[in-house]
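Step one of this worksheet: look at the structure below.
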Amino acid sequence: MVTTKSNQLKLSDKIEKLPGVGDFLAKKLSNLGVIKVKDLLELIPHRLEDRSQLGPINRLIVGCPSVINGTIESVHSRRSKRGILIVQAKIGDQSGTINALWFNQRYLLRQLREGQVVMLFGEKRIAPSLGNPFFVKKLINNLEVTPIYPTTTGLYQATIRRLVTLSRPLISQFKDIVPADIRAKHNLPSRSEAIEACHFATDLDSLERAKKLLAFEELLVLSTQVLLAKQERLSLSAEPIVVDVAGLKKVAAALPFKLTDGQRRASWQIIQDLALNHPMSRLLYGEVGSGKTAVAMIAASAVVRHHRQVIWLNPTVILAAQQAETLSTIFQPLGIKVAQVSAITKDDYLDADIIVGTHALLEPKIKFNNLGLIVIDEQHRFGVEQRQAIFDRYPTAHLLMMSATPIPRSLAQSLFGHLDITYLFDKPLHQKPVLTVVFDDASRPRAEQDIERRINDHQPGYVICPLINPTSDPDPNLFANERKAVIAEEQRLKKRFPASRIGLVHGRVKSVTREKIIKEFKTGGVDILLSTTVVEVGIDNPAATWILVEEADRFGLAQLHQLRGRVGRGQIASVCYLGQSVNSPLAQRRLEVLADTSDGLKIAEADLELRGPGELVGLEQSGLPELKYASLSDVPAIERTHEAAEVILKTGLDNYPRLKKEVLQHKYGQIHQRS
């Protein structure tokens, strides 16, 4: 048992109680979420590094991590064209020699000496100008398989391993969350066995089996909370909204376009929900430009005609003002009063029928009269706590959330099973499809000629870059392309399109300036809106017919799909140019998915398939908690845990006290009773 000077240590003890952990080290560990000893042991290595493969220099395989053991024949240093310090040592063994390279490690010039025998872990790379060198990851003393932990600046792997080894006797204190019969069914270890294997297993199979248990735990807790949340929602009572069919027809007739069949179906589905005696919790998913706002307007009018108030939340001041203007244009002639509340504008809202605003509407001092419906536009852009604040105050109000972030059907019935989901597929009839073109540097001139033609025809558009400023971080491999940045790209675009008016928008531009530039863009004063992904949602300019996304392979598919939705909103055929910067089959396949389909659900399913263990882009913003061990793209695991949760709830959660404790204290279960 690990002890301090006077007491035995427990998992619940602060990390400072471990020998050798002072304030400085505790602060570094806290950056990784390690506050207690339990957190340290739950800090799982993200991989094992095999430093046991010793071989002769002349048998090294390019790109394969290896260990070489040889004598230093010479040492020198130089700087690359980008200013990176390169330390180079010529290493020889009985089979041959190779140049070993380190980057930005000046202290090695004092340590490495000719004639010294060293053991190096790294890999051989193809770089003819450097003599196809051996890129050194670490000087080592022993051949071993080593766990590699997540870390932070100033916190070393050796320090984490020392503390984990020191805490090893406490692993037996871990209690099981997954019931024994479910573990047996899925061939899962106990929690203590899993934690032990994660830190001290020397083979990949043991580590993967341990990680499988921890991922199963996370998803089981999540799935149980989803099912509980739905049970609780159905147990609440709400006043049914009696539908005024004649009034709804007036609203539909006042719209500037004819409703599509999909919009009519979605509207009717929501209206039927409003007529029930429990609060609606519905997510309206639709492609960008599919007409979600029109559907929500019909639902809002039904609630207003039942003498209930509606609040309409938008993520930004710009979008709130845009939304208030749209609603006022349609509703005021029908006798429905619209007010706006944001950090900039605060109308008299007490007697308003529909109150449009930003998070300012969530302030406790804002009171509503007989609130009947909460509409949340782009719901994932609101913090979960922000949403929960208003649900707590008005638990029986109906809830309609809108999002263009697609939820794959494979997840809709499991992790999002607490929501009723309406899919809005067809776009308004007046909108043209968007042509998607993938281009590289060789075909860039052709893409820019088309853009120039469109600008000359008074068709503005967007250029999107992944960064604000060019990165100044040293790149140890020396071969990566510099990522496009809006600051540098602005200068290039001024030379390429000298007669065009360019507006620069990104997260560091003051909101007043940003709003002014966007207004100029919408009114014809800007030809090229150069931006980061702050334009991903909400900016509506029907005149814009083109968008060019630099280094598109660095964005998620769902994000690219939303960016593409900025165009194709008018009657002129539009185009989306996707710049390819990574020459790999996977990068090519991902962009081909976007070129082949405009169906957001198919794109989301492709993200599940192609991103592998990574998280689905967009879904991490949907309000789901951050997962430490599991992946949202592991659909089979999600389905297995959902089935297990159903069985557990049928048996009774009280029969599983350890699981129940996790379920009740976990944030997702609390926050998502309504969302």
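Consider the stretch 500-537 and keep the residues that are without any contact (Cβ under 8 Å) to a residue 12 or more places away in the chain and in a loop (DSSP other than H, G, I, E, B). The one that is most open to solvent (accessible area, probe 1.4 Å) is K510. Does the stretch 485-499 include one or more residues that are in contact (Cβ under 8 Å) with a residue 60 or more places away in the chain and open to solvent by less than 10 Å² (accessible area, probe 1.4 Å)? Yes, the stretch 485-499 contains a residue that is in contact (Cβ under 8 Å) with a residue 60 or more places away in the chain and open to solvent by less than 10 Å² (accessible area, probe 1.4 Å).
For the stretch 289-298, indicate whether the set of residues that are touching a Phe, Trp or Tyr at 6+ places or on another chain (Cβ under 7 Å) and crowded, with 21+ Cβ neighbours inside 10 Å is non-empty.
Within the stretch 289-298, the first condition is being touching a Phe, Trp or Tyr at 6+ places or on another chain (Cβ under 7 Å), and the residues that meet it are none.
No, the stretch 289-298 contains no residue that is touching a Phe, Trp or Tyr at 6+ places or on another chain (Cβ under 7 Å) and crowded, with 21+ Cβ neighbours inside 10 Å.
Rundown of residues vs (1) of a type in the set (A, V, I, L, M, F, W, C); (2) within 21 Å of V647 (Cβ to Cβ); (3) out of contact with any Asp or Glu (no Cβ under 7 Å at 6 or more places or on another chain), yes/no style:
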| site | (1), (2), (3) |
| --- | --- |
| G122 | no, no, yes |
| L130 | yes, no, yes |
| T153 | no, no, yes |
| Q173 | no, no, yes |
| A180 | yes, yes, yes |
| P189 | no, yes, yes |
| R209 | no, no, yes |
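Is the stretch 202-213 home to any residue that is within 23 Å of K14 (Cβ to Cβ) and in contact (Cβ under 8 Å) with a residue 12 or more places away in the chain? Taking every residue of the stretch 202-213 in turn, none turns out to be within 23 Å of K14 (Cβ to Cβ) and in contact (Cβ under 8 Å) with a residue 12 or more places away in the chain.
Scan the stretch 318-331 and tell me whether some residue there is of a type outside the set (A, V, I, L, M) and more than 30 Å from V434 (Cβ to Cβ). Looking for residues that are of a type outside the set (A, V, I, L, M) and more than 30 Å from V434 (Cβ to Cβ), one finds at least one in the stretch 318-331, hence yes. Checked against the criterion of being over 23 Å from I539 (Cβ atoms) and buried (at least 22 other Cβ atoms within 10 Å of the Cβ), the candidates Y285, Y349 yield just one match: Y349.
For the stretch 577-602, the set of residues classified as within 14 Å of D440 (Cα to Cα), out of contact with any Asp or Glu (no Cβ under 6 Å at 6 or more places or on another chain) and not in a helix (DSSP H, G or I) consists of Y577, L578, N583, S584, listed by residue number.
I'm trying to understand the selection: among the residues of the stretch 636-668, which are over 18 Å from H186 (Cβ atoms), open to solvent by 80 Å² or more (accessible area, probe 1.4 Å) and not charged (D, E, K, R)? Answer for the stretch 636-668, where residues must be over 18 Å from H186 (Cβ atoms), open to solvent by 80 Å² or more (accessible area, probe 1.4 Å) and not charged (D, E, K, R): N655, P657, L664, Q665.
If you go through the stretch 538-570 and pick out every residue that is under 25 Å from D377 (Cα atoms), touching a residue at least 60 places away in the same chain (Cβ under 8 Å) and not hydrophobic (A, V, I, L, M, F, W, C), you end up with 13. Scanning the stretch 161-185 for residues that are closer than 19 Å to K17 by Cβ, open to solvent by less than 40 Å² (accessible area, probe 1.4 Å) and part of a helix (DSSP H, G or I) yields L163, V164, S167, L170, I171.
So if I check each of G92, G70, G96, G63, which one is in contact with a helix residue (DSSP H, G or I) (Cβ under 6 Å, 6 or more places away or on another chain), touching a residue at least 24 places away in the same chain (Cβ under 8 Å) and of a type outside the set (F, W, Y)? Show your work before the answer.
Details: G92 fails: in contact with a helix residue (DSSP H, G or I) (Cβ under 6 Å, 6 or more places away or on another chain); G70 fails: in contact with a helix residue (DSSP H, G or I) (Cβ under 6 Å, 6 or more places away or on another chain); G63 fails: in contact with a helix residue (DSSP H, G or I) (Cβ under 6 Å, 6 or more places away or on another chain).
One residue alone meets the criteria, G96.
Annotation: G556 fulfils all but one of (1) more than 17 Å from the chain's Cα centre (by Cα); (2) at pLDDT below 85; (3) open to solvent by less than 10 Å² (accessible area, probe 1.4 Å); the unmet one is (1). Please work out which residue is most open to solvent (accessible area, probe 1.4 Å), limiting yourself to the stretch 82-104 and to residues that are among the polar types (S, T, N, Q) and closer than 17 Å to K138 by Cα. That would be N104.
Each residue in the stretch 325-346 was checked for being more than 24 Å from A246 (Cα to Cα), touching a residue at least 24 places away in the same chain (Cβ under 8 Å) and open to solvent by less than 30 Å² (accessible area, probe 1.4 Å), and 2 of them qualify. Taking L188 as the residue in question, decide whether it is surrounded by fewer than 18 Cβ atoms within 10 Å (Cβ to Cβ), of a type outside the set (S, T, Y) and either touching a residue at least 40 places away in the same chain (Cβ under 8 Å) or in contact with a helix residue (DSSP H, G or I) (Cβ under 6 Å, 6 or more places away or on another chain) (or both). In short, no.
The values are calculated or read from the model by the stated rules, or taken from the named source; none is laboratory data. The model shown is predicted, which means the values in this text are computed figures rather than measured ones. Here the Cβ is made from the backbone with ideal geometry for all residues, glycine too, and neighbour counts use every protein chain on show. Only protein heavy atoms, including side chains, enter the accessible area calculation; ligands, DNA and RNA are left aside. Shrake-Rupley method; radii C 1.70, N 1.55, O 1.52, S 1.80 Å.
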